[in-house]
């Protein structure tokens, strides 16, 4: 795990963002951690926090962002204010599928099945880990929509809460709007001695 941090925020990343050799990598743009850092530091939130505090924030008061290159969640996105989870959702090239079943065996979510000797994806169960794609010997599975699943409002402490997942898959650029909301919620929560999960309104992100 790697960290980018200052007095007001912490950004954690798994090794998928520093190395392309991660065997579980589903999606992880190498520049994503620094990209988010620049957005945070150029935001009104950072200016307000920098100007309005006379002492450093305690660790539990800081904004926490986590980036994971796959759904295994190496960098703990589900317990931070904002989590980005790399994902690549499979498509089936029917003309190439031989019905070997390797993809079915590889899927830990039971999201892949065979119908008439053809791979079929249950997109309600699929997490976008791309393990089925890596397991296919015939190139019949490929990544369709790629990007990041986004989770918001996780925390540890006396009353831990797992983050809530937003609908859809986001590009890094699309994640900017979500980050803006989380920064606004963090400022509101901090002013009242709360965490993001107490003040967030997920319906405002759509």
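Residue count for the stretch 50-75, restricted to those that are touching a strand residue (DSSP E or B) at 6+ places or on another chain (Cβ under 6 Å) and part of a helix (DSSP H, G or I): 0.
On the basis of being modelled with pLDDT of 90 or more and in contact with a strand residue (DSSP E or B) (Cβ under 8 Å, 6 or more places away or on another chain), does residue 79 make the cut? Taking the combined requirement at face value, the residue satisfies it. Residues that are out of contact with any helix residue (DSSP H, G or I) (no Cβ under 8 Å at 6 or more places or on another chain) and without any contact (Cβ under 8 Å) to a residue 60 or more places away in the chain within the stretch 76-96 comprise 91, 92, 93, 94, 95, 96, listed in sequence order. Across the stretch 101-123, the qualifying residues are those that are crowded, with 19+ Cβ neighbours inside 10 Å and within 25 Å of the chain's Cα centre (by Cα), and the one among them that is nearest to residue 134 (Cα to Cα) is 103.
Between 143, 135, the distinction of being more than 30 Å from residue 194 (Cβ to Cβ) and at pLDDT 95 or above belongs to 135 only.
Of all residues in the stretch 188-204, those that are in contact (Cβ under 8 Å) with a residue 40 or more places away in the chain and surrounded by fewer than 18 Cβ atoms within 10 Å (Cβ to Cβ) total 1.
Table: residues versus (1) over 23 Å from residue 30 (Cβ atoms); (2) not in a loop (DSSP other than H, G, I, E, B); (3) not assigned by TED's automatic domain parsing to the domain that holds residue 95.
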site: 129; (1), (2), (3): no, no, no
site: 132; (1), (2), (3): yes, yes, no
site: 138; (1), (2), (3): yes, no, no
site: 149; (1), (2), (3): no, yes, yes
site: 157; (1), (2), (3): yes, no, yes
site: 167; (1), (2), (3): yes, no, yes
site: 173; (1), (2), (3): no, no, yes
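The single condition among (1) touching a strand residue (DSSP E or B) at 6+ places or on another chain (Cβ under 8 Å); (2) closer than 13 Å to residue 10 by Cα that residue 41 does not meet is (1). Every test in (1) surrounded by fewer than 17 Cβ atoms within 10 Å (Cβ to Cβ); (2) at pLDDT below 95; (3) in contact with a strand residue (DSSP E or B) (Cβ under 8 Å, 6 or more places away or on another chain); (4) not assigned by TED's automatic domain parsing to the domain that holds residue 121 is passed by residue 47 save one, and that test is (3).
The values are calculated or read from the model by the stated rules, or taken from the named source; none is laboratory data. Bear in mind the structure is a predicted one, so any value in this text is a computation, not a measurement. Counting neighbours? That spans all protein chains shown, and the Cβs are built from the backbone with ideal geometry, glycine included.
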